[in-house]
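The values are calculated or read from the model by the stated rules, or taken from the named source; none is laboratory data. Quantities reported herein were computed from a predicted structural model and do not represent experimental measurements. Here the Cβ positions follow ideal geometry from the backbone for every residue, glycine too, while neighbour counts run over all protein chains shown. Areas reflect the complete protein model, heavy atoms only, side chains present, ligands, DNA and RNA absent. Shrake-Rupley method; radii C 1.70, N 1.55, O 1.52, S 1.80 Å.
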Amino acid sequence: MKPAQFDYAAPKTIEEAAALLAASNGDGKIIAGGQSLMPMINFRLVKPAILIDINRIEGLDRIELEGNRVRIGATVRHCRTATDPLISEHLPVVHEAMHHVAHMTVRNRGTFCGSVAHADPAAEMPMMTRFLDGTIVAFSVRGERRIPAAEFFVGSLVNSLEPDELVTAVEIDAIPPDAGWGFEEFAKRHGDFALACFATTLRAVGGRAKDVRVGMMGVGETPMRLREIEDIVDGTDVSDMMLDEVAKRLTDILTPNTDIHASADYRRHLSGVLARRALRAAWGRANGKGLDA
Ligand SMILES: Cc1cc2nc3c(=O)[nH]c(=O)nc-3n(C[C@H](O)[C@H](O)[C@H](O)COP(=O)(O)OP(=O)(O)OC[C@H]3O[C@@H](n4cnc5c(N)ncnc54)[C@H](O)[C@@H]3O)c2cc1C
């Protein structure tokens, strides 16, 4: 299909982009990598009056460490996030997640922030941002607004940006250097959207799990941080009995959809399998004993 007619602007500054977005009265769309937006435009699922291309704005293509926070600018591509040393050192679970995102052609254009803005509940970047409690930095003609990830993902493909706001960066706190991490997802083919995905970080203190974080995607309308599961794991020695309890609890609390790819029951079962693997891997890493500890 061919897109409906639209205007195109390529501003050189964030202020100019925000002014164009405000002037469009809700009919403008930011384009970053175009990997999700262009198919939607071609199918006429969206018909923006103007596309505002942020790729010529200087300084948005950086990954920086500011204090303890890693800041990923709005035009940083997936291929860069997947290979950047700041990400692998300070956010190793994100580094791992990036290798499951799509295929090389999509990774060469798609952006971390574009994926977060797109808010697909089966996409890795929103999940990483949500379970690591990142901050979405938004900008409009009114100035900057910082949105906690817990308030950003409102529904499937729905975020809490105002129509005249664009994302300039996503910031995520570095995970503690002594934390272990686990990331497990299942997709029918490598690079496809996952049927389910479980990620975790935790520390091992005196033989017990501490500061546990758990996130999931593909099993709800938004990416999730699961505090109920964190509470089960916290303070334990990550025994098989505890992992059984986690799997059972996930079956009770998750309400995934049935679709052409998998049934809700299959996704619930898969969640328990992925949780066991990811938690074991994180515990092994936290104890410095390799992945089978
Ligand atoms: C074949 C294929 C396979 C894929 N597989 C995966 C996968 O396995 N995992 C995965 O996570 N993703 C996958 N994707 C999606 C891919 O990661 C996209 O690149 C990503 O979702 C959107 O990023 P983008 O930069 O291309 O955004 P765009 O397509 O440019 O924009 C997407 C949406 O976000 C908005 N937007 C973009 N940037 C901003 C901004 N700075 N401020 C405000 N709004 C903004 C746009 O207006 C639009 O509504 C796949 C895509 C394709 C085509």
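Some points to look at:
- Proximal aspartates and glutamates relative to Lys248, as straight alpha-carbon distance under 19 Å, when same-chain residues fewer than 8 apart are discounted: Glu184, Glu185, Glu228, Glu230, Asp231, Asp234, Asp237, Asp240, Asp265
- Ranking by accessible area, most exposed first, for Asp240, Asp259, Asp53 with a 1.4 Å probe: Asp240, Asp259, Asp53
- For the set Val141, Val167, Val46, solvent exposure ranked by accessible area (probe 1.4 Å, protein chains only) runs largest to smallest as Val141, Val46, Val167.
- Within the accessible surface of the range 183-293, defined with a 1.4 Å probe on protein heavy atoms only, the carbon and sulfur portion equals 48 percent.
- Here the extension length gained between Asn25 and Glu245 equals 74.2 nm, from 0.36 nm per residue of separation less the Cα-Cα distance.
- Semi-axis lengths, Å, the range 63-173, gyration tensor of Cα atoms, sqrt of 5 times eigenvalues: 21, 16, 13
- Excluding exposed DSSP-loop trypsin sites (Lys or Arg not before Pro) (at most 16 other C-beta within 10 Å), longest clean stretch of the chain: 190-288
- Fully extended contour minus Cα-Cα distance, from Thr105 to Asp252, at 0.36 nm per residue: 49.0 nm
- Value of relative contact order over the range 159-293, rounded to a whole percent, pairs C-alpha under 8 Å and six or more apart: 26 percent
- Take the chain with all the other protein chains still there, run a 1.4 Å probe, and you get 46 Å² of accessible area per residue.
- Rounded to whole Å, sorted largest first: equivalent-ellipsoid semi-axes of the range 190-292, Cα gyration tensor: 25, 14, 11
- The mean sequence separation of alpha-carbon pairs under 8 Å and at least six residues apart, normalised by the residue count of the chain, gives a relative contact order of 15 percent.
- In this label model, Val273 and Glu221 are separated by 2.8 nm, measuring between points 7 Å along each Cα→Cβ vector.
- Relative contact order of the range 233-293, pairs being alpha-carbon contacts under 8 Å that are 6 or more residues apart, as %: 28 percent
- The 1.4 Å probe gives accessible areas that order Met125, Met38, largest first, as Met38, Met125.
- Counted over all Cα-Cα pairs of the chain, pairs farther apart than 37 Å make up 15 percent.
- Net length gained if the chain between Leu86 and Asp173 were fully extended (0.36 nm per residue, minus Cα distance): 30.1 nm
- FRET efficiency estimate (nearest 0.05) - Cβ-Cβ, Ser160 to Arg208, R0 25 angstrom: 0.10
- Reach of Lys47 by Cα under 14 Å, taken over aspartates and glutamates that are not fewer than 8 positions away in the same chain: Asp7, Asp27
- Sum of -39500 (n - 2.57) over DSSP H runs of 4+, divided by residues of the chain (222 nm, nearest 500): -10000 deg cm²/dmol
- Here is the P(r) of the range 1-104: all C-alpha pair distances, binned every 10 Å from 0, give 14, 35, 31, 18, 2 in whole percents.
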